[in-house]
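Read the structure below first, then the notes.
The values are calculated or read from the model by the stated rules, or taken from the named source; none is laboratory data. Keep in mind that what you see is a predicted model, and the values were worked out from it rather than measured. Cβ: placed from backbone, ideal geometry, glycine included. Neighbour counts: every protein chain shown. Accessible surface is based on the protein model in full, side chains and every heavy atom, while ligands, DNA and RNA are left aside. Shrake-Rupley method; radii C 1.70, N 1.55, O 1.52, S 1.80 Å.
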Amino acid sequence: MNPNGPEPAKIRPAAVAGRFYPSHAVELRRLILSLLENCPPSGRPPPKALIAPHAGYIYSGPVAASAYSLWQAARDATKRIVIAGPSHFVGFAGLAVSSAEAFETPLGFAAVDLEAVREARSLPQVQVLDEAHELEHALEVQLPFLQVVLPEFKIVPLVVGSAGPDEVAEVLGLFWEDPQTRFVVSSDLSHFLHSDDARALDERTARAIEGLEPDRIAEDQACGRMPIRGLLRAAAQRGLRGRIVDLRNSGDTAGSRHRVVGYGAFAFEEKL
């Protein structure tokens, strides 16, 4: 990401700046740095993959920061991020990449790894579908965290429609062995329950994620269940373990406890 470089020919402009996160670069960077500073050091090697939430930063920012703080020790060793998130607005089968050369945020341009996108498109479940990316916030809200934590990287943006775990895992597997590639799955957890009920359901979801058990994650447990299930399959195939980093809901961070959204941060790493 080079905010001072030449402008890419085709840009996916920010869709939710000023709503989900600040639209001014200085304010946005200051907010993310403050969230990261509140995260204790883990003392562990940086994980290969993360699950992070995608709500407005006032609600999910502290939980997202707890995930991204784990990559601060990998700043110079990470050059490509594969980001997979659900489709909130467009229904389609498989996975959708973008024809854009870069995604824009107030912090600059996150360049798309065009070669990696071409490689992903070699699989039958992957298509170019700009409509799936145009308004989608799930991928976008991850980018400012990445732009603050990592000095230089390219992205492979994947919006996941109706796709099975094996279909998603196959796409992730194209890039898994590259030591400079890491993965983010963007997902919130339960939606619009009382805080006590949300906490109980989210704890069940967290145990399924920790145990790499994709079949235990139902539709009401995570809006990003499709990409989560694919990540769990890919991680299990490679002998990784899932670890809960943070588990809260909007009643814990901001807002009422009567109707909350659940947020989880998870890391996928080598077994100790």
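Assorted remarks:
- The set of residues from segment 211-252 being closer than 15 Å to Ala49 by Cβ and small (Gly, Ala, Ser) comprises Gly224, Gly230, Ala234, Ala235, Ala236, Gly239, Gly242.
- Residues located in segment 31-70, provided they are assigned to a loop (DSSP other than H, G, I, E, B) and among the charged types (D, E, K, R): Arg44, Lys48
- Restricting attention to segment 21-30 and to residues that are out of contact with any helix residue (DSSP H, G or I) (no Cβ under 6 Å at 6 or more places or on another chain) and assigned to a loop (DSSP other than H, G, I, E, B), the residue that is surrounded by the most Cβ atoms within 10 Å (Cβ to Cβ) turns out to be Ser23.
- Yes/no for Ala93 being among the small types (Gly, Ala, Ser) and open to solvent by 10 Å² or more (accessible area, probe 1.4 Å): yes
- In segment 31-54, the qualifying residues are those that are crowded, with 22+ Cβ neighbours inside 10 Å and in contact with an Asp or Glu (Cβ under 7 Å, 6 or more places away or on another chain), and the one that is nearest to Leu212 (Cα to Cα) is Pro47.
- Close pairs (7 angstrom Cβ cut-off, 6 or more residues apart or separate chains): more than 13 Å from Lys79 (Cβ to Cβ) in segment 146-157, part of a strand (DSSP E or B) anywhere: Gln147/Thr105; Gln147/Gly108; Gln147/Ala110; Pro157/Ile83; Pro157/Val97; Pro157/Phe103; Pro157/Val112
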